[in-house]
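Visitor: What follows is a single structure, and I will ask about it in a moment.
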Amino acid sequence: MKKYIFISIIIFYTSCTKVEDHSDNSSFFEGIQSDKITFIIDLSINENSTEDLDNFISEITQNVLDKEDFCLEYAYYLSEDKINVTLYEKYIDSKGALQHGQNFMESPYFERFFNLFSIEKFVVTGPASDEFKKFASDNEFEIEYQNLIHGFKRK
């Protein structure tokens, strides 16, 4: 009987141990669309600009952070030679991206932005709405639209 109890205890403890999960917690999202919209904007810094790069970026970034809770990410990346910048922006959806565009065009940052930068390439990834596309076209933004076809996301 003691032997039976001892074996039962061993089986109980070994069955309760945690098994390590070695999966990478990733999932494929082929054919699954997110509502998120991303802007990837390649900019060149204008040589004759009267704007201070660091001050301008600090001001406009703080403005977006304070006023646009629908903006998930907003970041400027400066090239090593300090003549090009990539602006990366991510919005919860096309409506948020449209609102950002409207806010930007009505803000004092609009003229200052184009005093400092020239757009070399503007890519929008994600399901941009027809309303967003019309707004961009009406305001003469030349945008390359790209939709998700395959990928994965780690959790």
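What follows draws every value from the coordinates through simple rules; no lab data is involved. Just so it is clear, the structure is predicted and the values come from calculations on it, not from any experiment. Every residue, glycine among them, receives a Cβ derived from its backbone with ideal geometry; neighbour counts consider all protein chains shown.
Visitor: Extending each Cα 7 Å along its Cβ direction at Y77 and F110, get the distance between those two points in nm, one decimal.
Guide: Rounded to a tenth, the inter-label distance reads 2.9 nm.
Visitor: Under a cut-off of 20 Å between alpha-carbon atoms, report the aspartates and glutamates in cross-link reach of K82, not counting same-chain residues fewer than 8 places apart.
Guide: Filter leaves D42, E47, E51, D52, D54, E59, E120.
Visitor: Under the Karplus relation 6.51 cos²θ - 1.76 cosθ + 1.60, θ = phi - 60°, what is the ordered set of whole-Hz ³J(HN,Hα) values for segment 93-108, x standing for Gly and Pro?
Guide: 6, 5, 4, x, 5, 5, 4, 4, x, 5, 4, 4, 5, 8, 8, x
Visitor: Also, quick follow-up: Using Cα positions and a limit of under 17 Å, work out the aspartates and glutamates in reach of K153, with same-chain residues fewer than 8 apart set aside.
Guide: D24, E30, D35, E73
Visitor: Follow-up question, since we're still on this one. Which FRET efficiency, nearest 0.05, do N84 and K134 yield, Cβ-Cβ r, R0 35 Å?
Guide: Once rounded, the FRET efficiency stands at 0.75.
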